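Here is the structure we will look at, set down as C-alpha coordinates.
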Amino acid sequence: MEVHGSGQTDVGRRRDQNEDSFLVDDDLGLYVVSDGMGGHAAGEVASAMAVATAKRIAEERRAGIEAVRDGGLDPEELASIAREAVQEAARDVYDRATSPDGAAGMGCTLTVLLVAGSAAALGHVGDSRLYLIRDGQGSQLSMDHTLAQELVRAGAFQPEDVKTHPYAHVLSRAVGTQPAVQVDTLVFDVVPGDRLVLCSDGLSEYVASNDWLASQLNDEPIDAVAERLVRHANDAGGRDNITAVVVAVEAEAAEQPVVESLREEVAGKHEALDSVFLFEDLSVALQARVLEACELDSFEANDEVVGQGKDCDSLLMVVDGEFELRRKDERLGTLAPGDYTGLTTLLHPRPARAALRATTAGRLLRLDKSSFWKLVRERPWLGVGLLERLGRRLSSTLDVATAPGASHVMPRMFGERF
(Lines give C-alpha, C1' and ligand atoms only; values in the text may rest on other atoms or scores of the structure.)
Protein backbone atom coordinates (compact mmCIF):
# COMPACT_ATOMS: atom_id res chain seq x y z
CA MET A 1 0.00 0.00 0.00
CA GLU A 2 1.05 3.57 -0.61
CA VAL A 3 0.50 6.55 1.67
CA HIS A 4 0.92 10.15 0.62
CA GLY A 5 -0.01 13.43 2.24
CA SER A 6 -0.32 17.13 1.56
CA GLY A 7 -0.48 20.07 3.96
CA GLN A 8 -1.50 23.72 3.95
CA THR A 9 -1.18 26.39 6.62
CA ASP A 10 -2.37 29.99 6.84
CA VAL A 11 -2.14 32.80 9.37
CA GLY A 12 -5.91 33.30 9.30
CA ARG A 13 -7.85 36.57 9.39
CA ARG A 14 -7.23 37.75 12.97
CA ARG A 15 -3.59 36.93 13.80
CA ASP A 16 -0.37 38.74 12.88
CA GLN A 17 1.84 35.65 12.78
CA ASN A 18 1.41 31.94 12.16
CA GLU A 19 2.37 29.82 15.16
CA ASP A 20 1.27 26.54 13.54
CA SER A 21 3.80 24.07 12.11
CA PHE A 22 3.30 20.86 10.17
CA LEU A 23 5.23 18.06 8.51
CA VAL A 24 4.47 15.70 5.63
CA ASP A 25 7.04 12.93 5.15
CA ASP A 26 5.73 10.18 2.88
CA ASP A 27 9.03 8.31 3.03
CA LEU A 28 8.76 7.82 6.79
CA GLY A 29 4.96 7.66 6.77
CA LEU A 30 5.08 10.54 9.27
CA TYR A 31 2.54 13.36 9.45
CA VAL A 32 2.56 16.02 12.16
CA VAL A 33 0.58 19.12 13.19
CA SER A 34 1.55 21.43 16.04
CA ASP A 35 -0.14 24.61 17.26
CA GLY A 36 2.15 26.91 19.26
CA MET A 37 1.30 29.07 22.23
CA GLY A 38 3.16 31.70 24.18
CA GLY A 39 3.02 34.80 21.98
CA HIS A 40 5.87 37.05 20.84
CA ALA A 41 7.02 34.34 18.37
CA ALA A 42 7.48 31.87 21.25
CA GLY A 43 4.60 29.73 20.00
CA GLU A 44 6.13 29.61 16.54
CA VAL A 45 9.44 28.46 18.02
CA ALA A 46 7.74 25.83 20.21
CA SER A 47 5.72 24.29 17.37
CA ALA A 48 8.68 24.25 14.99
CA MET A 49 10.86 22.59 17.64
CA ALA A 50 8.20 19.97 18.39
CA VAL A 51 7.80 19.05 14.72
CA ALA A 52 11.59 18.86 14.24
CA THR A 53 11.94 16.60 17.29
CA ALA A 54 9.15 14.30 16.07
CA LYS A 55 10.95 13.88 12.75
CA ARG A 56 14.29 13.26 14.46
CA ILE A 57 12.86 10.49 16.64
CA ALA A 58 11.12 8.87 13.68
CA GLU A 59 14.37 8.96 11.69
CA GLU A 60 16.26 7.40 14.58
CA ARG A 61 13.70 4.60 14.78
CA ARG A 62 13.20 4.17 11.05
CA ALA A 63 14.18 0.49 11.29
CA GLY A 64 11.21 -0.14 13.58
CA ILE A 65 8.81 1.63 11.21
CA GLU A 66 10.07 -0.42 8.28
CA ALA A 67 9.85 -3.64 10.32
CA VAL A 68 6.17 -2.93 11.03
CA ARG A 69 5.61 -2.17 7.35
CA ASP A 70 7.21 -5.50 6.42
CA GLY A 71 5.25 -7.44 9.05
CA GLY A 72 8.27 -8.21 11.23
CA LEU A 73 7.17 -6.16 14.24
CA ASP A 74 3.85 -5.64 16.02
CA PRO A 75 2.13 -2.32 15.19
CA GLU A 76 2.50 -1.39 18.86
CA GLU A 77 6.04 -0.39 17.84
CA LEU A 78 4.51 2.57 15.98
CA ALA A 79 2.76 3.69 19.16
CA SER A 80 6.05 3.44 21.03
CA ILE A 81 7.75 5.66 18.44
CA ALA A 82 4.91 8.19 18.43
CA ARG A 83 4.91 8.31 22.24
CA GLU A 84 8.67 8.85 22.35
CA ALA A 85 8.43 11.57 19.71
CA VAL A 86 5.92 13.56 21.77
CA GLN A 87 7.74 13.01 25.05
CA GLU A 88 11.07 14.11 23.57
CA ALA A 89 9.39 17.15 22.05
CA ALA A 90 8.01 18.08 25.47
CA ARG A 91 11.47 17.85 26.99
CA ASP A 92 13.10 19.88 24.18
CA VAL A 93 10.51 22.66 24.28
CA TYR A 94 10.60 22.82 28.08
CA ASP A 95 14.39 23.06 28.08
CA ARG A 96 14.21 25.93 25.61
CA ALA A 97 11.44 27.68 27.55
CA THR A 98 13.42 27.54 30.79
CA SER A 99 16.73 28.57 29.23
CA PRO A 100 18.01 32.18 29.65
CA ASP A 101 16.97 33.09 26.10
CA GLY A 102 13.69 31.19 26.23
CA ALA A 103 10.14 32.39 26.79
CA ALA A 104 8.59 31.19 30.02
CA GLY A 105 5.32 29.36 29.46
CA MET A 106 5.79 28.66 25.77
CA GLY A 107 4.41 25.36 24.57
CA CYS A 108 2.33 23.74 21.87
CA THR A 109 -0.04 20.99 20.90
CA LEU A 110 1.39 18.02 19.03
CA THR A 111 -0.43 15.41 16.95
CA VAL A 112 1.76 12.74 15.37
CA LEU A 113 0.53 10.15 12.86
CA LEU A 114 2.68 7.22 11.74
CA VAL A 115 1.50 4.90 8.96
CA ALA A 116 3.30 1.69 8.01
CA GLY A 117 1.52 -0.70 5.67
CA SER A 118 -1.93 -1.45 7.03
CA ALA A 119 -1.11 -0.19 10.53
CA ALA A 120 -1.18 3.34 11.91
CA ALA A 121 -0.53 4.94 15.28
CA LEU A 122 -1.40 8.25 16.85
CA GLY A 123 0.62 10.15 19.45
CA HIS A 124 -1.27 13.18 20.73
CA VAL A 125 -1.30 16.01 23.26
CA GLY A 126 -3.50 19.10 23.10
CA ASP A 127 -6.48 20.08 20.97
CA SER A 128 -5.16 19.64 17.45
CA ARG A 129 -7.04 16.72 15.93
CA LEU A 130 -6.85 13.56 13.86
CA TYR A 131 -9.89 12.48 11.85
CA LEU A 132 -10.42 9.23 9.95
CA ILE A 133 -12.63 9.26 6.84
CA ARG A 134 -13.73 5.78 5.72
CA ASP A 135 -16.53 4.80 3.35
CA GLY A 136 -17.95 8.31 3.41
CA GLN A 137 -18.12 8.55 7.20
CA GLY A 138 -15.91 10.65 9.46
CA SER A 139 -14.64 9.87 12.97
CA GLN A 140 -12.49 11.92 15.33
CA LEU A 141 -9.74 9.60 16.57
CA SER A 142 -7.95 12.05 18.86
CA MET A 143 -9.29 13.36 22.15
CA ASP A 144 -9.16 17.08 22.92
CA HIS A 145 -7.17 17.96 26.01
CA THR A 146 -9.10 21.05 27.06
CA LEU A 147 -10.71 21.92 30.38
CA ALA A 148 -14.12 21.94 28.71
CA GLN A 149 -13.67 18.42 27.34
CA GLU A 150 -12.39 17.20 30.70
CA LEU A 151 -15.61 18.52 32.25
CA VAL A 152 -17.65 16.69 29.61
CA ARG A 153 -15.82 13.44 30.35
CA ALA A 154 -16.50 14.03 34.05
CA GLY A 155 -20.21 14.38 33.24
CA ALA A 156 -20.43 18.06 34.24
CA PHE A 157 -22.14 19.14 31.02
CA GLN A 158 -23.07 17.94 27.54
CA PRO A 159 -20.72 17.69 24.50
CA GLU A 160 -22.86 20.06 22.45
CA ASP A 161 -22.10 22.84 24.96
CA VAL A 162 -18.32 22.68 24.49
CA LYS A 163 -17.97 25.26 21.73
CA THR A 164 -19.61 28.00 23.80
CA HIS A 165 -17.92 27.08 27.08
CA PRO A 166 -15.41 29.67 28.43
CA TYR A 167 -12.83 26.87 28.82
CA ALA A 168 -13.30 25.52 25.29
CA HIS A 169 -9.77 26.50 24.25
CA VAL A 170 -7.99 26.27 27.60
CA LEU A 171 -5.59 23.34 27.34
CA SER A 172 -5.48 20.81 30.17
CA ARG A 173 -2.37 19.20 28.67
CA ALA A 174 0.35 20.67 26.44
CA VAL A 175 3.82 19.96 25.12
CA GLY A 176 6.65 21.94 26.74
CA THR A 177 4.96 23.48 29.76
CA GLN A 178 6.46 20.69 31.89
CA PRO A 179 9.51 18.46 31.27
CA ALA A 180 7.24 15.45 30.75
CA VAL A 181 3.70 14.94 29.51
CA GLN A 182 1.13 12.16 29.39
CA VAL A 183 0.74 11.11 25.76
CA ASP A 184 -2.43 9.66 24.27
CA THR A 185 -1.62 6.85 21.84
CA LEU A 186 -3.82 4.74 19.62
CA VAL A 187 -2.98 1.90 17.23
CA PHE A 188 -5.52 1.30 14.46
CA ASP A 189 -5.96 -0.34 11.06
CA VAL A 190 -5.97 1.55 7.78
CA VAL A 191 -7.27 0.27 4.46
CA PRO A 192 -6.99 1.62 0.91
CA GLY A 193 -9.48 4.39 0.35
CA ASP A 194 -9.04 5.77 3.87
CA ARG A 195 -8.36 9.47 4.26
CA LEU A 196 -6.91 11.01 7.41
CA VAL A 197 -7.00 14.67 8.35
CA LEU A 198 -4.72 16.27 10.93
CA CYS A 199 -5.54 19.87 11.77
CA SER A 200 -5.11 22.66 14.28
CA ASP A 201 -8.10 24.08 16.11
CA GLY A 202 -8.12 26.95 13.63
CA LEU A 203 -9.79 24.49 11.25
CA SER A 204 -11.60 22.12 13.64
CA GLU A 205 -13.50 25.09 15.10
CA TYR A 206 -15.27 25.34 11.74
CA VAL A 207 -15.89 21.63 11.19
CA ALA A 208 -19.67 21.39 11.53
CA SER A 209 -19.62 17.62 12.03
CA ASN A 210 -17.49 14.59 11.28
CA ASP A 211 -19.72 13.70 8.36
CA TRP A 212 -19.45 17.25 6.98
CA LEU A 213 -15.69 16.77 6.94
CA ALA A 214 -16.12 13.43 5.16
CA SER A 215 -18.19 15.16 2.49
CA GLN A 216 -15.27 17.48 1.74
CA LEU A 217 -12.91 14.63 0.89
CA ASN A 218 -13.94 13.60 -2.57
CA ASP A 219 -11.86 12.39 -5.52
CA GLU A 220 -9.93 15.65 -5.82
CA PRO A 221 -6.15 15.54 -5.32
CA ILE A 222 -5.41 15.78 -1.61
CA ASP A 223 -3.44 19.02 -1.98
CA ALA A 224 -6.59 20.63 -3.41
CA VAL A 225 -8.59 19.28 -0.46
CA ALA A 226 -6.14 20.68 2.10
CA GLU A 227 -6.23 24.06 0.38
CA ARG A 228 -10.04 24.04 0.29
CA LEU A 229 -10.30 23.22 4.00
CA VAL A 230 -8.03 26.13 4.90
CA ARG A 231 -10.05 28.43 2.63
CA HIS A 232 -13.27 27.26 4.32
CA ALA A 233 -11.92 28.17 7.76
CA ASN A 234 -10.87 31.61 6.51
CA ASP A 235 -14.24 32.20 4.87
CA ALA A 236 -15.96 31.19 8.13
CA GLY A 237 -14.03 33.75 10.16
CA GLY A 238 -10.39 32.67 10.37
CA ARG A 239 -10.12 33.54 14.06
CA ASP A 240 -6.89 31.54 14.50
CA ASN A 241 -4.00 30.12 12.50
CA ILE A 242 -5.24 27.33 10.23
CA THR A 243 -3.43 24.12 9.32
CA ALA A 244 -4.69 21.03 7.50
CA VAL A 245 -2.76 17.91 6.54
CA VAL A 246 -4.64 15.38 4.40
CA VAL A 247 -3.29 11.82 4.10
CA ALA A 248 -4.47 9.28 1.51
CA VAL A 249 -4.06 5.50 1.77
CA GLU A 250 -3.98 3.88 -1.67
CA ALA A 251 -3.25 0.52 -3.26
CA GLU A 252 -2.02 -0.53 -6.68
CA ALA A 253 -4.18 -2.73 -8.91
CA ALA A 254 -1.90 -5.72 -8.33
CA GLU A 255 -2.62 -5.50 -4.60
CA GLN A 256 -6.41 -5.77 -4.93
CA PRO A 257 -6.71 -9.39 -3.66
CA VAL A 258 -4.73 -8.47 -0.55
CA VAL A 259 -6.72 -5.25 -0.21
CA GLU A 260 -10.05 -7.07 -0.25
CA SER A 261 -8.82 -9.54 2.35
CA LEU A 262 -7.65 -6.68 4.55
CA ARG A 263 -10.95 -4.85 4.16
CA GLU A 264 -12.85 -7.99 5.15
CA GLU A 265 -10.64 -8.50 8.20
CA VAL A 266 -11.02 -4.90 9.42
CA ALA A 267 -14.78 -4.95 8.81
CA GLY A 268 -15.05 -8.35 10.52
CA LYS A 269 -13.33 -7.10 13.66
CA HIS A 270 -15.64 -4.10 13.94
CA GLU A 271 -18.70 -6.27 13.27
CA ALA A 272 -17.55 -8.73 15.94
CA LEU A 273 -17.43 -5.89 18.48
CA ASP A 274 -20.84 -4.63 17.37
CA SER A 275 -22.30 -8.07 18.09
CA VAL A 276 -21.57 -7.66 21.80
CA PHE A 277 -23.98 -5.37 23.66
CA LEU A 278 -21.03 -4.01 25.63
CA PHE A 279 -19.51 -2.41 22.51
CA GLU A 280 -22.57 -2.00 20.31
CA ASP A 281 -22.87 1.38 18.56
CA LEU A 282 -19.56 2.71 19.88
CA SER A 283 -17.92 5.23 17.58
CA VAL A 284 -15.12 4.09 15.28
CA ALA A 285 -12.67 5.89 17.58
CA LEU A 286 -13.89 4.06 20.70
CA GLN A 287 -14.03 0.73 18.88
CA ALA A 288 -10.45 1.33 17.80
CA ARG A 289 -9.46 1.72 21.45
CA VAL A 290 -11.18 -1.55 22.34
CA LEU A 291 -9.62 -3.34 19.36
CA GLU A 292 -6.23 -2.11 20.53
CA ALA A 293 -6.76 -4.20 23.67
CA CYS A 294 -7.82 -7.31 21.70
CA GLU A 295 -5.90 -10.08 19.95
CA LEU A 296 -6.96 -11.74 16.69
CA ASP A 297 -6.45 -15.52 16.94
CA SER A 298 -6.55 -17.85 13.91
CA PHE A 299 -7.58 -21.52 14.03
CA GLU A 300 -7.67 -24.44 11.64
CA ALA A 301 -10.48 -27.00 11.51
CA ASN A 302 -10.49 -29.26 14.62
CA ASP A 303 -8.25 -26.94 16.65
CA GLU A 304 -9.32 -26.74 20.29
CA VAL A 305 -9.89 -23.18 21.45
CA VAL A 306 -10.89 -23.87 25.05
CA GLY A 307 -11.05 -27.25 26.75
CA GLN A 308 -13.96 -28.15 29.02
CA GLY A 309 -12.97 -27.46 32.62
CA LYS A 310 -10.00 -25.29 31.59
CA ASP A 311 -9.69 -21.86 33.13
CA CYS A 312 -11.35 -19.19 31.01
CA ASP A 313 -10.83 -15.44 31.42
CA SER A 314 -11.50 -14.10 27.91
CA LEU A 315 -14.37 -12.75 25.86
CA LEU A 316 -14.28 -14.57 22.51
CA MET A 317 -15.98 -12.98 19.48
CA VAL A 318 -16.27 -14.78 16.15
CA VAL A 319 -14.86 -12.83 13.20
CA ASP A 320 -15.23 -15.60 10.62
CA GLY A 321 -15.50 -19.38 10.42
CA GLU A 322 -17.54 -21.74 12.59
CA PHE A 323 -16.88 -23.09 16.08
CA GLU A 324 -18.59 -25.95 17.92
CA LEU A 325 -19.52 -26.20 21.59
CA ARG A 326 -19.48 -29.65 23.18
CA ARG A 327 -20.02 -30.86 26.72
CA LYS A 328 -18.53 -34.33 26.95
CA ASP A 329 -20.24 -36.16 24.06
CA GLU A 330 -23.13 -33.71 23.74
CA ARG A 331 -23.09 -31.13 20.96
CA LEU A 332 -24.51 -27.91 22.37
CA GLY A 333 -24.43 -25.76 19.25
CA THR A 334 -22.21 -23.62 17.07
CA LEU A 335 -20.79 -20.13 17.09
CA ALA A 336 -20.65 -18.19 13.83
CA PRO A 337 -19.91 -14.53 12.96
CA GLY A 338 -22.05 -12.38 15.23
CA ASP A 339 -21.78 -14.83 18.16
CA TYR A 340 -19.63 -14.51 21.26
CA THR A 341 -19.02 -16.22 24.56
CA GLY A 342 -17.09 -15.67 27.78
CA LEU A 343 -18.33 -12.16 28.56
CA THR A 344 -18.86 -12.77 32.29
CA THR A 345 -15.28 -14.05 32.66
CA LEU A 346 -14.14 -10.43 32.23
CA LEU A 347 -15.52 -9.97 35.74
CA HIS A 348 -14.56 -13.30 37.26
CA PRO A 349 -12.57 -16.12 35.58
CA ARG A 350 -14.02 -19.62 35.84
CA PRO A 351 -13.63 -23.09 34.33
CA ALA A 352 -15.29 -23.48 30.94
CA ARG A 353 -18.56 -25.42 31.16
CA ALA A 354 -18.07 -26.75 27.63
CA ALA A 355 -15.28 -27.22 25.11
CA LEU A 356 -14.96 -24.87 22.14
CA ARG A 357 -13.46 -26.27 18.95
CA ALA A 358 -13.09 -24.91 15.40
CA THR A 359 -15.13 -26.88 12.86
CA THR A 360 -13.73 -24.80 9.97
CA ALA A 361 -10.80 -22.47 9.61
CA GLY A 362 -11.75 -19.27 11.41
CA ARG A 363 -10.71 -16.34 13.55
CA LEU A 364 -11.72 -15.15 16.98
CA LEU A 365 -11.28 -11.71 18.49
CA ARG A 366 -10.07 -12.26 22.06
CA LEU A 367 -10.31 -9.73 24.88
CA ASP A 368 -8.64 -10.98 28.06
CA LYS A 369 -9.78 -9.95 31.53
CA SER A 370 -6.41 -8.28 32.25
CA SER A 371 -6.56 -6.29 28.99
CA PHE A 372 -10.16 -5.25 29.66
CA TRP A 373 -9.36 -3.91 33.11
CA LYS A 374 -6.21 -2.21 31.86
CA LEU A 375 -8.42 -0.41 29.32
CA VAL A 376 -10.86 0.56 32.09
CA ARG A 377 -8.04 1.95 34.26
CA GLU A 378 -6.24 3.80 31.45
CA ARG A 379 -9.41 5.14 29.79
CA PRO A 380 -11.75 5.74 32.76
CA TRP A 381 -14.17 7.84 30.66
CA LEU A 382 -14.57 4.81 28.35
CA GLY A 383 -14.37 2.24 31.14
CA VAL A 384 -17.17 3.84 33.13
CA GLY A 385 -19.44 3.72 30.09
CA LEU A 386 -18.69 0.05 29.48
CA LEU A 387 -19.24 -0.86 33.12
CA GLU A 388 -22.54 1.07 33.13
CA ARG A 389 -23.70 -1.02 30.16
CA LEU A 390 -22.63 -4.19 31.92
CA GLY A 391 -24.37 -3.13 35.12
CA ARG A 392 -27.64 -2.36 33.34
CA ARG A 393 -27.62 -5.73 31.61
CA LEU A 394 -26.79 -7.49 34.89
CA SER A 395 -29.64 -5.68 36.65
CA SER A 396 -32.23 -6.56 34.00
CA THR A 397 -30.95 -10.14 33.84
CA LEU A 398 -31.29 -10.58 37.60
CA ASP A 399 -34.85 -9.27 37.41
CA VAL A 400 -35.71 -11.93 34.84
CA ALA A 401 -33.68 -14.67 36.51
CA THR A 402 -35.45 -14.21 39.85
CA ALA A 403 -38.92 -14.20 38.32
CA PRO A 404 -41.11 -17.24 39.13
CA GLY A 405 -40.36 -20.18 36.87
CA ALA A 406 -37.09 -18.76 35.50
CA SER A 407 -34.14 -21.10 34.90
CA HIS A 408 -30.78 -20.78 33.18
CA VAL A 409 -31.65 -17.24 32.12
CA MET A 410 -28.40 -15.60 33.17
CA PRO A 411 -26.10 -17.32 30.67
CA ARG A 412 -28.53 -16.87 27.78
CA MET A 413 -29.01 -13.14 28.30
CA PHE A 414 -25.27 -12.57 28.52
CA GLY A 415 -24.57 -14.55 25.35
CA GLU A 416 -22.77 -17.20 27.41
CA ARG A 417 -22.55 -20.58 25.79
CA PHE A 418 -19.91 -22.34 27.85
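The values are calculated or read from the model by the stated rules, or taken from the named source; none is laboratory data. Keep in mind that this is a model prediction, so the values were computed, not measured. Glycine also receives a Cβ, built like all others from the backbone with ideal geometry; neighbour counts cover every protein chain displayed.
Which residue is surrounded by the fewest Cβ atoms within 10 Å (Cβ to Cβ), if the candidates are limited to the stretch 131-142 and must be touching a Leu at 6+ places or on another chain (Cβ under 8 Å) and not aromatic (Phe, Trp, Tyr)?
Only one residue fits best here, namely Gln140.
Would you check which residues across the stretch 211-257 are part of a helix (DSSP H, G or I), modelled with pLDDT of 90 or more and of a type in the set (A, V, I, L, M) and list them?
Residues satisfying the conditions are Leu213, Ala214, Ile222, Ala224, Val225, Ala226, Leu229, Val230, Ala233.
Is it the case that some residue within the stretch 258-280 is in contact with a His (Cβ under 9 Å, 6 or more places away or on another chain) and either of a type in the set (Ser, Thr, Tyr) or at pLDDT below 90 (or both)? Please lay out each step first, then the result.
Residues of the stretch 258-280 in contact with a His (Cβ under 9 Å, 6 or more places away or on another chain): none.
Looking through the stretch 258-280, none of the residues is in contact with a His (Cβ under 9 Å, 6 or more places away or on another chain) and either of a type in the set (Ser, Thr, Tyr) or at pLDDT below 90 (or both).
Quick one: which helices (runs of 4 or more DSSP H) sit completely within the stretch 1-119 and have at least 1 residues that are within 17 Å of Val245 (Cβ to Cβ) and in the same structural domain as Ala236 (by TED's automatic domain parsing)?
Details: elements: 42-60, 62-69, 76-97.
The helices (runs of 4 or more DSSP H) meeting that bar are 42-60, 76-97.
Go through the residues of the stretch 335-346 one by one and say whether even a single one is surrounded by fewer than 21 Cβ atoms within 10 Å (Cβ to Cβ) and more than 32 Å from the chain's Cα centre (by Cα).
No, there is no match, as no residue in the stretch 335-346 is surrounded by fewer than 21 Cβ atoms within 10 Å (Cβ to Cβ) and more than 32 Å from the chain's Cα centre (by Cα).
So which pairs qualify, if the first residue must be in the stretch 184-211 and in contact (Cβ under 8 Å) with a residue 12 or more places away in the chain, the second must be of a type in the set (S, T, N, Q) and in a strand (DSSP E or B), the Cβ gap must be under 7 Å, and the two must be at least 6 apart or on different chains?
Listed pairs, sorted by first residue: Leu198/Thr111; Cys199/Thr243; Ser200/Thr243; Gly202/Thr243; Leu203/Thr243; Asn210/Ser139; Asn210/Gln140; Asp211/Gln137.
Within the stretch 120-152, which residues are in a strand (DSSP E or B) and either more than 28 Å from Pro179 (Cα to Cα) or not hydrophobic (A, V, I, L, M, F, W, C) (or both)?
Within the stretch 120-152, the subset in a strand (DSSP E or B) is 120-125, 129-134, 137-140, 146.
Within the stretch 120-152, Gly123, His124, Arg129, Tyr131, Leu132, Ile133, Arg134, Gln137, Gly138, Ser139, Gln140, Thr146 qualify.
Go through Ser128, Ser99, Ser118 for me and flag whichever is without any contact (Cβ under 8 Å) to a residue 40 or more places away in the chain and either surrounded by fewer than 24 Cβ atoms within 10 Å (Cβ to Cβ) or at negative phi (or both). Quick ask: steps written out before the conclusion?
Details: Ser128 fails: without any contact (Cβ under 8 Å) to a residue 40 or more places away in the chain; Ser118 fails: without any contact (Cβ under 8 Å) to a residue 40 or more places away in the chain.
Only one candidate qualifies: Ser99.
Report whether or not Arg195 is assigned by TED's automatic domain parsing to the domain that holds Cys108, of a type outside the set (Gly, Ala, Ser), modelled with pLDDT under 95 and closer than 27 Å to Val86 by Cα. Spell out the reasoning first.
On the way: assigned by TED's automatic domain parsing to the domain that holds Cys108: yes; of a type outside the set (Gly, Ala, Ser): yes; modelled with pLDDT under 95: no; closer than 27 Å to Val86 by Cα: yes.
No: the conditions fail for Arg195.
Hey, can you tell me all the residues within the stretch 342-381 that are touching a residue at least 12 places away in the same chain (Cβ under 8 Å), among the β-branched types (Val, Ile, Thr) and either outside the structural domain of Ala293 (by TED's automatic domain parsing) or in contact with a helix residue (DSSP H, G or I) (Cβ under 9 Å, 6 or more places away or on another chain) (or both)?
Thr344, Thr345
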